[in-house]
Protein chains: 2
Amino acid sequence: MSKSGRITIRELARLAGVDKSIVSKVVNGVSAGQVSAVKQARIESLIQEHHYVPQNAARSLARRCNHQLAFLLTGPTQNSFANSAFSQILSGFAQQCRNLGYQCQVLSIESAELSAFLQPENLYRLGIDGCVLAGTNSELCPENLTAIRMPFLLLGWEYLRDVLPVISRDSSREYREMLDYGYSLGHRHIMYDSISPISQARFQKLAVHYPGVSVESCPADSQLDEFALAARQASAYAARPAGERPTLLWGSDHFCCSFATHLRQFGFSCPGDISIVSYSESWSAACYNPPLTTYSLDFRQWGSTAVEVILQIINGGLDLAASIELANHHIPRSIWQHRQSVCRLS
Amino acid sequence: MSKSGRITIRELARLAGVDKSIVSKVVNGVSAGQVSAVKQARIESLIQEHHYVPQNAARSLARRCNHQLAFLLTGPTQNSFANSAFSQILSGFAQQCRNLGYQCQVLSIESAELSAFLQPENLYRLGIDGCVLAGTNSELCPENLTAIRMPFLLLGWEYLRDVLPVISRDSSREYREMLDYGYSLGHRHIMYDSISPISQARFQKLAVHYPGVSVESCPADSQLDEFALAARQASAYAARPAGERPTLLWGSDHFCCSFATHLRQFGFSCPGDISIVSYSESWSAACYNPPLTTYSLDFRQWGSTAVEVILQIINGGLDLAASIELANHHIPRSIWQHRQSVCRLS
DNA sequence: GTGAAAGCGCTAACAC
DNA sequence: GTGTTAGCGCTTTCAC
């Protein structure tokens, strides 16, 4: 019995009257044809009897790999898991880790702290084989990430797709899908909640191809969170002359719900006055009053895919170029959930 | 340089011209008065220069502790993080782990699988120093948990408070608070979303002290999730004669939102026809239409407290009795958020 | 103050 | 098939 109170492989070997290495083989399932059936059976029953399980630390040390992955979440606050998109991604990630025999570590990092955190020291300290980074798009410096010689994967940060391993939707494709949808229902004045200049530009650029369509985004304000931003936009909406108001909003579930709730206080209703489509599916969107139409990724799936990809990178010993290539083979697609927050304009 | 590509303490010692044990002292900050200032400085600069960080696995092996905690989440599906209460608890848990120099592992376990999972083998395999279990109250067998000789803590499972280390609200106290509130606003017919017989009984028992008050709970149905249950209750509500409908609902944010949304389809509104109080605060409740009044724990705080308590149990080497005692010193209290889903009955 | 040495529990190469 | 052996990288006595 070891000092930690758990039985060790050495003890087990002694009890079975064999060498540690034999036990090791049995434990690791590489005993086929290497260990006599008799001993195999004896060892196995001993393992059962003593509830033997190898000690992680010793194993990691000897194997030089930890069988642990980290899920890094970043955002303006330490509280990004309040965003159900991310907790769903984590959910899929953790589950797939377990399926594939890996352990899942979780860290939540404020955006302000992120670049300081992304140093080799900090990542090494975790004792992980690789990591996945998700979150509301904090600024990221590609050089810092590649300097860390550790397999990693980004969930989001689409614009870094060519220089880092990124799994992200194809936003141009999806913006188009969205514009097609709104256009076909007669909407010509669309509001989009993004505060990212890159997304805004991309969206504007596509909108040009839709005759008569005008698109507007939210004026950014780093002081305000999404809810406050939505509240402000709702006031602004109410203050505008009747003909100049957007008839369709595209936003996150946070933004959409907050916007609609505030709008109602000004006497406007959804979908009567404005149609709403959320690009993030959640129970909150589905149960909102009215239930929100969404066009969203499957977040759990996204997390689950992330595990598969990072493991391929790790186990394949892929270099940066190959990792990027691999990640780009996994572009997730959004799907529609039609509910009651959208109406056709006559 | 070790095979893993990272510099080792041995290398560092060689470069500094000292023994490993000296470097170890410096790394671990126990060098005060034990190491000469000169060597101390030399070693420290070497550490910086080479980005040295000790390897987790080797350290854990030698120290016989892992500096890792696990957050176990259980619920009817693998998807319990969709419930923002739990993702918030995790958020606080992960953050506090980081603050206190521990790493946080996450596992999500289906209720059906839970008792099979809670075996010593499975917990040992994680290489953790202790674990915290949260989730929608799956059945738990106290004997199984105590059989695992590992520090653990339950978040919820109030009825096990006397036999296991549990951090949970004092529901009797909070039910009373809730009944006082509803009663004072003139509500006499209250619906409570719980499907747990224990909670129902406790609630009923308290309600007796409020003259004229009748309380009803949801008929349980293990096939249905909370949303479906709420939908069913909404239909049932609508089908009842006018005078017999509850005027106040107390439920989770999931249940309340779903209920209200479905009710609206029958032409009923909140708070006009029914007042709603959620016992779980979330942005979804705050942004619902109408915004929901809540009386809820601070979930992040709960998770953060859990870390502190489990670490006291671990570091203090507390036995079961002492752990229970300690946990019971930390009874979290709910707080009110008054919003627009409640009205006074004339 | 410093360093030698033993050991944590396991893996894996290799010789038998 | 089986056992010997040499680590993995770090901590921690204990003698000097």
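Applying the criterion of being in contact with a Lys or Arg (Cβ under 8 Å, 6 or more places away or on another chain) and at pLDDT 95 or above to the residues of the range A:68-105, the residue that is surrounded by the most Cβ atoms within 10 Å (Cβ to Cβ) is A:Ile89.
Consider the range A:1-17 and keep the residues that are within 12 Å of DNA strand C (Cβ to nearest atom) and buried (at least 18 other Cβ atoms within 10 Å of the Cβ). The one that is farthest from B:Ile314 (Cα to Cα) is A:Ala13.
In the range B:226-268, of all residues being surrounded by 15 or more Cβ atoms within 10 Å (Cβ to Cβ) and acidic (Asp, Glu), the one that is farthest from the chain's Cα centre (by Cα) corresponds to B:Glu226. In the range A:164-190, how many are within 30 Å of B:Tyr52 (Cα to Cα) and surrounded by fewer than 14 Cβ atoms within 10 Å (Cβ to Cβ)? Number of matching residues: 0.
Note on the range B:116-133: residues that are more than 7 Å from chain A (Cβ to nearest Cβ), surrounded by 15 or more Cβ atoms within 10 Å (Cβ to Cβ) and small (Gly, Ala, Ser) total 1. Scanning the range A:54-87 for residues that are within 28 Å of B:Asn79 (Cα to Cα), facing chain B (nearest Cβ under 7 Å) and within 16 Å of DNA strand C (Cβ to nearest atom) yields A:Asn56, A:Asn66.
For every residue, the table says whether it meets (1) small (Gly, Ala, Ser); (2) within 25 Å of A:Asp225 (Cβ to Cβ); (3) in a helix (DSSP H, G or I).
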site: A:Pro271; (1), (2), (3): no, no, no
site: A:Val277; (1), (2), (3): no, yes, no
site: A:Ser284; (1), (2), (3): yes, yes, yes
site: A:Thr294; (1), (2), (3): no, yes, no
site: A:Arg300; (1), (2), (3): no, yes, yes
site: A:Thr305; (1), (2), (3): no, no, yes
site: A:Ile314; (1), (2), (3): no, no, yes
site: A:Ala321; (1), (2), (3): yes, no, yes
site: A:Leu326; (1), (2), (3): no, no, yes
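Of the residues in the range B:133-149, none is of a type in the set (S, T, N, Q) and modelled with pLDDT of 95 or more. Kindly indicate which of B:Ser45, B:Ser36 is of a type in the set (S, T, N, Q) and near DNA strand C (Cβ under 10 Å from one of its atoms). The conditions single out B:Ser36.
Condition first: touching a strand residue (DSSP E or B) at 6+ places or on another chain (Cβ under 6 Å), more than 14 Å from every other protein chain (Cβ to nearest Cβ), of a type in the set (A, V, I, L, M) and buried (at least 21 other Cβ atoms within 10 Å of the Cβ). Can you find one or more residues in the range B:285-304 that meet it? No, the range B:285-304 contains no residue that is touching a strand residue (DSSP E or B) at 6+ places or on another chain (Cβ under 6 Å), more than 14 Å from every other protein chain (Cβ to nearest Cβ), of a type in the set (A, V, I, L, M) and buried (at least 21 other Cβ atoms within 10 Å of the Cβ).
Quick check on the range B:45-66. Is at least one of its residues part of a loop (DSSP other than H, G, I, E, B) and either small (Gly, Ala, Ser) or in contact with a His (Cβ under 9 Å, 6 or more places away or on another chain) (or both)? Checking the range B:45-66: not a single residue is part of a loop (DSSP other than H, G, I, E, B) and either small (Gly, Ala, Ser) or in contact with a His (Cβ under 9 Å, 6 or more places away or on another chain) (or both). Yes or no: B:Val38 surrounded by 13 or more Cβ atoms within 10 Å (Cβ to Cβ), of a type in the set (A, V, I, L, M), more than 14 Å from chain A (Cβ to nearest Cβ) and out of contact with any His (no Cβ under 6 Å at 6 or more places or on another chain)? For B:Val38, the condition - surrounded by 13 or more Cβ atoms within 10 Å (Cβ to Cβ), of a type in the set (A, V, I, L, M), more than 14 Å from chain A (Cβ to nearest Cβ) and out of contact with any His (no Cβ under 6 Å at 6 or more places or on another chain) - is not met. Checked against (1) of a type in the set (Gly, Ala, Ser); (2) part of a helix (DSSP H, G or I); (3) surrounded by 15 or more Cβ atoms within 10 Å (Cβ to Cβ); (4) more than 11 Å from DNA strand D (Cβ to nearest atom), A:Ser24 passes all but a single condition, namely (4). For the range A:92-100, does any single residue satisfy the condition of being within 8 Å of chain B (Cβ to nearest Cβ), assigned to a helix (DSSP H, G or I) and among the hydrophobic types (A, V, I, L, M, F, W, C)? Yes - at least one qualifying residue is present in the range A:92-100. If you check B:Asn144, B:Asn137 for being more than 30 Å from B:Arg59 (Cβ to Cβ), in contact (Cβ under 8 Å) with a residue 12 or more places away in the chain and either crowded, with 17+ Cβ neighbours inside 10 Å or in the same structural domain as B:Asp273 (by TED's automatic domain parsing) (or both), only one passes: B:Asn137. Would you confirm whether or not the range B:87-95 contains a residue that is without any contact (Cβ under 8 Å) to a residue 60 or more places away in the chain, more than 15 Å from DNA strand D (Cβ to nearest atom) and out of contact with any strand residue (DSSP E or B) (no Cβ under 8 Å at 6 or more places or on another chain)? Checked against the condition, which is being without any contact (Cβ under 8 Å) to a residue 60 or more places away in the chain, more than 15 Å from DNA strand D (Cβ to nearest atom) and out of contact with any strand residue (DSSP E or B) (no Cβ under 8 Å at 6 or more places or on another chain), the range B:87-95 yields at least one hit.
Within the group B:Leu46, B:Leu107, B:Leu15, which residue is away from DNA strand D (no atom under 11 Å from the Cβ), in the same structural domain as B:Pro120 (by TED's automatic domain parsing) and more than 21 Å from B:Asp298 (Cβ to Cβ)? B:Leu107 is the lone residue from the list that is away from DNA strand D (no atom under 11 Å from the Cβ), in the same structural domain as B:Pro120 (by TED's automatic domain parsing) and more than 21 Å from B:Asp298 (Cβ to Cβ). Every listed requirement among (1) at the interface with chain A (Cβ under 10 Å from one of its Cβ atoms); (2) loosely packed, with under 15 Cβ neighbours inside 10 Å; (3) not acidic (Asp, Glu) is met by B:Gly29 save one, (1). Among the residues of the range A:227-248, the one identified as within 26 Å of A:Leu297 (Cβ to Cβ), away from chain B (no Cβ under 14 Å) and in contact with a Phe, Trp or Tyr (Cβ under 8 Å, 6 or more places away or on another chain) is A:Pro246. Please go through the range A:282-323 and pick out each residue that is more than 17 Å from the chain's Cα centre (by Cα) and over 30 Å from B:Ser284 (Cα atoms). The answer is A:Gln312, A:Ile313, A:Ile314, A:Asn315, A:Gly316, A:Gly317, A:Leu318, A:Asp319, A:Leu320, A:Ala321, A:Ala322, A:Ser323.
The values are calculated or read from the model by the stated rules, or taken from the named source; none is laboratory data. Only a predicted model underlies this, so the values are computations on that prediction, with no experimental measurement involved. Cβ atoms come from the backbone with ideal geometry, glycine included; neighbour counts cover every protein chain shown.
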